[in-house]
1. Note down the accessible area of D48, probe 1.4 Å, to the nearest 10 Å².
2. Starting from the residue with the highest accessible area, list R85, R50, R90, R101 in decreasing order, probe 1.4 Å.
Amino acid sequence: APIPASNIVPFKVPGASNGPPRPPRTLVLDLDELIAAVALVFRVEPADVRRGRTRAKSGAAARHVVLWAMRTMWVPQPSFPEIGRMLGGRDHTTVMNAVKRIEREIEAGSEVGAIALEFYLEGALRS
């Protein structure tokens, strides 16, 4: 059963802005490892996550989880335009939409949200 998002207490950094919740430590996966791990879970090709223009549900969801993880878990936190450039030249608004979508999925307790939450917890535990 997925872990309800209400059970996760956001990590607060003194003096930090009110950004997305962050794990106590950084995500230890680099971009290629993150894409490979997410692609494996979603059963899609890593190339489709990185550069794919598919709107197939599994491919898009995998990309959204990667974009969300990059924004919420990497330290230092990359900007939306930087993330877009790293993941196939996407526009910063696409990245913003993906991050918001995954945050809504986590709050709703959906399957995609549960997968994102697992990456969040794994990143916090592995670093």
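1. Probe radius 1.4 Å; accessible area of D48 about 60 Å².
2. Details: R85 160, R50 50, R90 30, R101 90 Å².
Highest to lowest solvent-accessible surface, that is R85, R101, R50, R90.
The values are calculated or read from the model by the stated rules, or taken from the named source; none is laboratory data. Predicted model only: the values in this text are computed from it and were never measured. What goes into the accessible areas is simple: the full protein's heavy atoms, side chains included, and nothing from ligands, DNA or RNA. Shrake-Rupley method; radii C 1.70, N 1.55, O 1.52, S 1.80 Å.
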